[in-house]
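K.L.:
Here it is: the structure, laid out below.
The values are calculated or read from the model by the stated rules, or taken from the named source; none is laboratory data. Just so it is clear, the structure is predicted and the values come from calculations on it, not from any experiment. Neighbour counts run over all protein chains shown; Cβ positions are idealised from the backbone, glycine included.
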Amino acid sequence: MPFYLRLGVLLGAVLYATHAAGAETAAEMQRLLDGGQAGQAYELGLSRLKTDAGDPEFDFAFGLAAMQVGKPGQAVFAFERILFLYPENDRVRLELARAQFLLGNLPEARTQFEIVLTHNPPPNVRERVQLFLAKIKEQEKAVRAVYHGYTSLKLGYDSNVNAGPADSLVPVPGLGTVILAPEAVALAGDFLEAELGGEVVRPISKKKALFGKISGLLRDNFNVDGGFNDEFDYAQLNLRGGISFLGKKSVLRLPIQYENLWLNSADVQNFRQILIAGLEWERTLNQTNRIMPFGQIGAVRYPEQDFRNVNLALIGTTWIYRFPKANKEFRLGLYLGDEENTESGAAADAVARNYLGLFGLFQWNPTPRQLFFLNATVQGNQYKEDQPVFNETREDTYWALSTGWNWRWRPKWTINIELKYENQDSNLEIFQYDRTQIYGGVRFDFR
């Protein structure tokens, strides 16, 4: 027998033996469940989880046992593994919805129940689903806050920490070629980044909820100048909060955002402050399409550089497409912004600008615990007045491309890897740069 045929037979035998083992364990677990011994069934499933997880018969029996012993989180993972292979299996989807309900994830439970209803189930199944949907509505009426927190740590490399030009020689009209200071030219280095954050959603009625989010970030570029505490380290505080109005197929959010950025951990400088009020309206068109128009007005302030202060206005929209029968999502957005200087003088006049941007995001869950994403942005900037040194109006084209992978290797732990490239082309060479960042990190979520 040829080698490739022997290899095929061997692989087939291994797969058959694996499935047979999973089916045998599933049959024993089902026997224990039928005999009222859910605890023993669950313990048997745990002992075989590493070898049999992924076998549909095993996952289904293990999910049922997990729910009966009060472990709906384990059940969710088991049922998701089955649906990844057999998305049309409504029996499994019903059990997943019930597990999400027991877990307290009411929006996801409702989504799964409603998907089953669209498949015209038998009357007894429809009646059961309607009872669960009624219970979900009752629980949503209760005023109960939902909290979520996280912390993350990232280690990476940045090819251009200060977003500076590659060449230290810059031509300036009337002055000839100017030599930039070393710290103004592109500097590469490794970095360590730590973040801590949390969010809360507090319903105040059936159709209204308050929301809030806070995060703090520290970044140290620990070998840019040969040590810690260099001038390009920074700390960032982000706050976001507001109110949501819930409709049958839409959500209206009125958020307020605040950001403060501090530079140089050795001699802290309050570099930039941003305050923005926004409006976001998300509307579900059908099972696969959503749209989200948005708008913002706000102020950007530089306490140590008043000439850079601007007021901004921005409008845009996002289209969200969820692929049917697949764990994929695509987003495409367009926005238009305007920034007006608040101070007077040639330097202040030169910071006013208009910009137009386009962004896209593709997300794919190859397995229930993994997420792959690809993100792209392009933005054109047209400044309104001449740069005082160059006597020329600045025009930029910025674009960025990033890709990454997240793996939820434990219910509360996620490992992530990301690669990002940025490029800015400008008619004024001093504003041209490119930048590559790559990092790996770990995130812990807690409730």
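K.L.:
Assuming SER47 fulfils every condition listed in (1) under 21 Å from LEU94 (Cα atoms); (2) small (Gly, Ala, Ser); (3) surrounded by fewer than 19 Cβ atoms within 10 Å (Cβ to Cβ); (4) modelled with pLDDT of 85 or more apart from one, which condition is it?
P.N.:
(1)
K.L.:
When the range 290-322 is examined, which residues are found to be charged (D, E, K, R), closer than 22 Å to GLN269 by Cβ and in a strand (DSSP E or B)?
P.N.:
If the condition is that a residue be charged (D, E, K, R), closer than 22 Å to GLN269 by Cβ and in a strand (DSSP E or B), then ARG301 is the only one that fits.
K.L.:
Among the residues of the range 297-314, is there at least one that is under 21 Å from the mean Cα position of the chain (by Cα), assigned by TED's automatic domain parsing to the domain that holds LYS384 and touching a residue at least 12 places away in the same chain (Cβ under 8 Å)?
P.N.:
No, that holds for no residue.
K.L.:
Mind listing whichever residues of the range 393-429 are out of contact with any Phe, Trp or Tyr (no Cβ under 8 Å at 6 or more places or on another chain) and aliphatic (A, V, I, L, M)?
P.N.:
The answer is LEU419, and nothing else.
K.L.:
So, one more: Against the condition in a strand (DSSP E or B), surrounded by fewer than 15 Cβ atoms within 10 Å (Cβ to Cβ) and more than 22 Å from the chain's Cα centre (by Cα), how does THR397 come out, does it pass?
P.N.:
So THR397 fits the description; yes.
K.L.:
Now for a different question. Going by the conditions given, is PHE79 closer than 18 Å to ASN327 by Cβ, out of contact with any Pro (no Cβ under 7 Å at 6 or more places or on another chain) and of a type in the set (Phe, Trp, Tyr)?
P.N.:
Taking the combined requirement at face value, the residue satisfies it.
K.L.:
Here's another thing I want to ask about it. Of the conditions (1) closer than 25 Å to TRP413 by Cα; (2) surrounded by 13 or more Cβ atoms within 10 Å (Cβ to Cβ); (3) among the hydroxyl-bearing types (Ser, Thr, Tyr), TYR147 satisfies every one except a single condition; which number is it?
P.N.:
Here TYR147 meets the rest and fails (2).
K.L.:
Let me ask something else about it. Which of the residues belonging to the range 339-359 are part of a strand (DSSP E or B) and either buried (at least 16 other Cβ atoms within 10 Å of the Cβ) or of a type in the set (S, T, N, Q) (or both)?
P.N.:
Restricting attention to the range 339-359, the residues satisfying the condition of being part of a strand (DSSP E or B) are 339-341, 353-359.
Once the filter is applied, which keeps residues that are part of a strand (DSSP E or B) and either buried (at least 16 other Cβ atoms within 10 Å of the Cβ) or of a type in the set (S, T, N, Q) (or both), the range 339-359 yields GLU339, ASN341, ARG353, ASN354, TYR355, GLY357, PHE359.
K.L.:
Scanning for something buried (at least 17 other Cβ atoms within 10 Å of the Cβ), within 16 Å of ASP158 (Cβ to Cβ) and touching a helix residue (DSSP H, G or I) at 6+ places or on another chain (Cβ under 8 Å), does the range 412-427 turn up at least one residue?
P.N.:
Within the range 412-427, one or more residues are buried (at least 17 other Cβ atoms within 10 Å of the Cβ), within 16 Å of ASP158 (Cβ to Cβ) and touching a helix residue (DSSP H, G or I) at 6+ places or on another chain (Cβ under 8 Å).
K.L.:
Now, a different point. Could you run through the range 33-47 and say how many residues are free of Cβ contacts under 8 Å to residues at least 24 places away in the same chain and over 33 Å from the mean Cα position of the chain (by Cα)?
P.N.:
8
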